[in-house]
1. Determine the shape class of region A:45-203: with a ≥ b ≥ c the square roots of the Cα gyration tensor eigenvalues, call it rounded for a/c under 1.5, and otherwise prolate if a/b is greater than b/c, oblate otherwise.
2. Other chains near B:114-122: what is the mean number of their Cβ atoms within 10 Å of each residue's Cβ?
3. Identify the GluC sites (Glu not before Pro) of region A:181-258 meeting these criteria: DSSP loop state and at most 11 other C-beta atoms within 10 Å of the C-beta.
4. Where does each of B:His170, A:His221, A:His208 land when they are ranked from fewest to most other beta-carbon atoms within 10 angstrom?
5. Fewest to most neighbouring Cβ within 10 Å: what's the order for A:Leu253, B:Leu37?
6. Please label the shape of region A:122-220 as rounded, prolate or oblate, based on the square roots a ≥ b ≥ c of the eigenvalues of the alpha-carbon gyration tensor (a/c under 1.5 means rounded; beyond that, a/b larger than b/c means prolate, else oblate).
7. Which value, in debye to the nearest 20, gives the size of the charge dipole of region A:39-135 about its Cα centre, when Lys and Arg are +1 and Asp and Glu are -1 at the Cβ?
8. Could you pull out the pairs from A:Lys133/A:Lys239; A:Lys27/A:Lys57; A:Lys133/A:Lys227; A:Lys52/A:Lys239; A:Lys26/A:Lys57; A:Lys57/A:Lys133 whose alpha carbons sit more than 27 Å apart here?
Amino acid sequence: MTDTSSDSAAVPLVQVRGLTTVLGGKKVFDALDLDIARGRVTAIMGPSGTGKTTLLKHITGQMHGDAGQVLVDGEDVARLPRESLYVLRERIGYLFQNSALLSDYNVFENVAFPLRQHTRLQEDLIRNVVLTKLQAVGLRGAALLMPSELSGGMARRVALARAIVFDPMLILYDEPFVGLDPIALNQVLKLIRTLNRELGITSVLVAHEFAAVREVADHVHLIANGKRVASGTPAELAKGDSPWTAQFFGGALEGPVPFQYPAPPLASAFGFPGVAP
Amino acid sequence: MKQFAARLFDPLVDGLADIGRTGWFLLGLLAALPRGLTYPRELLRQLWFVGAKSLIIIMISGLFVGMVLSLQLYYTLSIFGGTSALGTVIALSLYRELGPVVTALLFAGRAGTAITAEVGLMRATDQLSAMEMMAVDPLAFVASPRFLAGVIAMPLLVAVFNLMGIFGGHLIGVTWLGIDNGTFWSNMTSNVSVWTDVINGEWKALAFGALISLIAVYQGYTAPPTSEGVANATTRTVVTSSIAILALDFVMTAFLM
């Protein structure tokens, strides 16, 4: 919590402070606090429906909390005017769960899209940058394919090339491992690691797959019921010291996360006599 | 009783709320329009998509409407012995009323639904969010070009529709029913005024074009990101635009008389 340090490298890139968000009457975040360290791979894990993707949307300013703040590189995202927010977003890469490639454009134009929108680069320079990024994800040969012709794993790699086309300071991966076969999964894992280790891009990934997270993440935050319930290196969390980690990483049916969705007692649902509904 | 009243008035309240939200959307859209003009390639693509690709259906429909008009009006005029006015009556019906309205209804069915479905799917597949994340305003990049294309394309399509209608009317009236060719044209040219009749119709076309593309883009933009949501939005585009066109047509006719 001491962010008065003059050394900016020591200040976490993303600081979430007391974030409280209510969506449709449900408290998604309840005074959530967490930090994303610079130059590391941080995984955010938790049971389905705990608002992991929602947290990413708070970091990019697509959603705002009802209380608390989200600081990205020292700036309060919710208070930024639109122009400054857009300038900030140019420095953040976001990998959507369903890749979200623009269906009207081919692979090359999808990757070139941010460059064409925000720069006045010469065509041959754009070409060089785009082909370099596509080469990095191994899809230079697919430059002229349309998004509808790509497999899920290929689309995700194209989306990744698009996300890094501006050499961002931060990449947010929303469920990067879902629906991938083991080969594609390894390719994506390797890419995440390479981008982080070689380019020093701070990476945040939201995922369920602990086996995959273990391979890349330096740090894991486990969130449940709107709060951060555990943090640490994957190895520390795997030991399962708290009931949360024990249930989540052990996959037990019962624990702090109940198997049953909240409901009135079974007897009253069946209408047994003598039980008030 | 209370429930019955609620069921009766709920759609009305929903409808009014939707009109209000569409109005708000229009304000945002108009604010983004100048930035939308910085994407001329998108505008051209959309003009091709909603304008050029609607040409065939507009031309065929115009031809048949003109042919039917010719048959029906010939019958009506023959009661009064005024069949020589056929050319005038066909042209006035088309320019003042049928051209803009029928073209608008066809445009809503052909282009409006396509815009809603496309934008709705872009929403459902996170393409609009992705643009926001790449610091590109989807109102400027996606909504504005589609809106503008509708506004530009409608008056041109109406002109084509009218042309085909008069051609069809001439085909039946002169070639088939045997009205004198000179009478047909000279009556028409002396009684149809460019400034009141033709231009009034084009004002309507412009207004309908803006209305349809606004409704289509709004419905797509706000469609729930599910297949059911996109399907419902597409239906709503047709229903809402059709009613709005006919209502606005009455108002505009009353004021432009």
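Read the figures in this text as sums done on the coordinates, not as results from a lab. None of the values given here were measured: they were computed from a predicted structure. Neighbour counts run over all protein chains shown; Cβ positions are idealised from the backbone, glycine included.
1. Oblate shape, in that a/c is at least 1.5 and b/c is the bigger or equal ratio.
2. Details: counts 0, 0, 0, 0, 2, 0, 0, 1, 4.
Mean number of neighbouring Cβ atoms from other chains: 1.
3. Here the GluC sites (Glu not before Pro) that fit, given the DSSP loop and packing criteria, are A:Glu254.
4. Working: B:His170 21, A:His221 25, A:His208 15.
The order, fewest Cβ neighbours first, is A:His208, B:His170, A:His221.
5. With the fewest neighbours first, A:Leu253, B:Leu37 line up as A:Leu253, B:Leu37.
6. oblate
7. Details: 11 positive and 10 negative charges, 35 e Å.
Here the size comes out at about 160 debye.
8. The pairs that break the limit, which is 27 Å between Cα atoms, are A:Lys133/A:Lys239; A:Lys133/A:Lys227.
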